[in-house]
Amino acid sequence: MVSIALSEWEHLPIRADGADRSVTPDQADQLIAGAIAVERKLGMGSGEGASVLVRTHKALCARQVVGVLATAETDLEIMPKIDTLGEQGVRNVLVHMLARAWDLPISDGEAALFSQQEKTLLEVLIRLFCERLFKAVHRGLSRRYLDHEEDLPSLRGRLDIQRQFSANIVTPNRLACQFSELSADIALNQILKATVAQLSKVSRSMRNRRLLMELELAFADISRMGPDRLPWDRVHLDRTDTRYKDLFQLARALMQRRWQTTTTGKQAGTALMFEMNTLFEDFIGRHVRSSGRASGRSVSLQGPRHFILKDEKGAPRFATKPDIVVKGAEGIHIIDTKWKRLVSADVDTKRGVSQADVYQMLAYGQVYEAKRLTLLYPHHRGLGQEAGVVATFAMPQTGVKLEIATVDVALLKSVPAQCLDLMCWPSAPAIAVAS
């Protein structure tokens, strides 16, 4: 089994012998087949895998989809490019980004420890689930009173008169009983058991496999249900289930639309991958929403949806849906996130920003009557300045300002403060003017 970690846009050589951190042509074929399956499951690109991996004659090139792609012979982990951190540090940041996007509280120590002890993002998430489930199960499985209807030799609960004198009229020695019984075989435990079973199939860590085997014993008396039949809508958590709240969130994230089953010929593989643009948007959006509430601002994610045009009949057409809309005393502020590396001003005065993105932001400004627009990118040291607003442009006719800003995700503890700073309206004039 070959285990390899890559960064976005990094190349993985293809060599006949598979030596020196490379893959063989057969292993490359398996990875491309897996990438095609991932792309189709995520609804990205052309369905030919190019959004995940691109194959040339001599190498595979990773794109902006991160996570783990496992085939019969290879574990390939693709991680975001964060140039100030090593492999473990990047994995730790990615775990925090996922946890925030999934509304899952996680401590710095917990994420750092598991990122150090486990070799891939997948195993870190499995370890996180196992450790938390062990703590919850140690205090007992969640239980509920379930209603039963059974024909018994003696009365239990109350007698169902109608059923007794219809279905049981020829068997008077059996009583049609209706009763409630405290049971652990409930929807929550069925979902947790299914999650344990799914993780047992894909984990390759000896430590995690041992933990999962022990957890399977704890859920031995719970009904087994397939992933497509899990009763998500029947889970109701009350005050007695607070220890299971975060576990349920994690199980949902792992089981619902997160897994991509890949097949190469007769060999099945598994992938757990995430599109970085979407993950960055979710991560920043939730931080901005939290910081906005604390500062008295209203924050909407992915909306509200407005239409930019009307057809000849007056019907609205061409919907707009900005990533983040902030409303405060100063006015409306729209933030759109882009997981793309900017360039320094001495390389390009426009910082590598796409003109299409600029036009989109100006359209947002007009439709939402926003006076402040921000395109937000990940920070990197190649910019030669600190994270925050790196350039400001203005429309002379309207005074609308378009900012180019960055946030340093490597500095996890300061991300909330960075987001709050971005929401504070600047008093200084724009430093550049759009013509």
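The values are calculated or read from the model by the stated rules, or taken from the named source; none is laboratory data. Because the structure is a prediction, the values reported are computed rather than measured. All Cβ positions, even for glycine, are placed from backbone atoms using ideal geometry, and neighbour counts span all protein chains on display.
Could you list, in sequence order, the residues of segment 123-136 that are closer than 30 Å to GLY86 by Cα and surrounded by 18 or more Cβ atoms within 10 Å (Cβ to Cβ)? Listed by number, the residues that qualify are GLU123, VAL124, LEU125, ILE126, ARG127, LEU128, PHE129, CYS130, ARG132, LEU133. Being more than 24 Å from ALA35 (Cα to Cα), in contact with a Cys (Cβ under 7 Å, 6 or more places away or on another chain), among the β-branched types (Val, Ile, Thr) and not assigned by TED's automatic domain parsing to the domain that holds GLU118 is a condition met by at least one residue of segment 285-296.
The rows are residues; the columns are (1) surrounded by 13 or more Cβ atoms within 10 Å (Cβ to Cβ); (2) within 20 Å of the chain's Cα centre (by Cα).
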{"residue": "PRO105", "(1), (2)": "no, yes"}
{"residue": "LEU121", "(1), (2)": "yes, yes"}
{"residue": "HIS138", "(1), (2)": "no, no"}
{"residue": "LEU141", "(1), (2)": "yes, no"}
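Taking segment 357-414 as the range and being among the hydrophobic types (A, V, I, L, M, F, W, C), crowded, with 22+ Cβ neighbours inside 10 Å and closer than 26 Å to ASP108 by Cβ as the test, the residues that pass are LEU376, ALA387, VAL407, VAL409.
Of the residues that make up segment 154-162, is at least one hydroxyl-bearing (Ser, Thr, Tyr) and either crowded, with 22+ Cβ neighbours inside 10 Å or assigned to a helix (DSSP H, G or I) (or both)? It would help to see each step written out before you state the result.
Step one: filter segment 154-162 for residues hydroxyl-bearing (Ser, Thr, Tyr), giving 154.
Filter again for either crowded, with 22+ Cβ neighbours inside 10 Å or assigned to a helix (DSSP H, G or I) (or both), leaving none.
No.
None of ASP83, ASP103, ASP75, ASP108 is within 15 Å of LEU272 (Cα to Cα) and either acidic (Asp, Glu) or without any contact (Cβ under 8 Å) to a residue 40 or more places away in the chain (or both) except ASP75. Name the single residue, out of those in segment 376-401 being without any contact (Cβ under 8 Å) to a residue 40 or more places away in the chain and among the aliphatic types (A, V, I, L, M), that is farthest from VAL90 (Cα to Cα). Here the answer is MET395. Could you please let me know if VAL23 is crowded, with 23+ Cβ neighbours inside 10 Å, modelled with pLDDT of 90 or more and under 25 Å from LEU342 (Cβ atoms)? Judged against the criteria, VAL23 is not a match. Taken over segment 299-349, the criterion of being charged (D, E, K, R), in a loop (DSSP other than H, G, I, E, B) and at pLDDT below 85 is satisfied by ARG305, ASP311, GLU312, LYS313.
Looking at LEU94, LEU60, LEU69, can you tell me which residue is in a helix (DSSP H, G or I), in contact with a helix residue (DSSP H, G or I) (Cβ under 8 Å, 6 or more places away or on another chain) and either crowded, with 17+ Cβ neighbours inside 10 Å or polar (S, T, N, Q) (or both)? Result: LEU94 is the single residue among LEU94, LEU60, LEU69 that is in a helix (DSSP H, G or I), in contact with a helix residue (DSSP H, G or I) (Cβ under 8 Å, 6 or more places away or on another chain) and either crowded, with 17+ Cβ neighbours inside 10 Å or polar (S, T, N, Q) (or both). Selection of segment 200-225 for residues being part of a loop (DSSP other than H, G, I, E, B), small (Gly, Ala, Ser) and over 24 Å from LEU182 (Cα atoms) yields SER203, SER205. For VAL407, the criteria (1) over 25 Å from GLU275 (Cβ atoms); (2) in contact (Cβ under 8 Å) with a residue 60 or more places away in the chain hold in every case but one, which is (1).
To keep it simple, each residue is scored yes or no on (1) at pLDDT 90 or above; (2) farther than 26 Å from LEU69 by Cα.
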{"residue": "ALA99", "(1), (2)": "yes, no"}
{"residue": "PHE114", "(1), (2)": "no, no"}
{"residue": "GLU123", "(1), (2)": "yes, no"}
{"residue": "HIS148", "(1), (2)": "no, yes"}
{"residue": "ASP151", "(1), (2)": "yes, yes"}
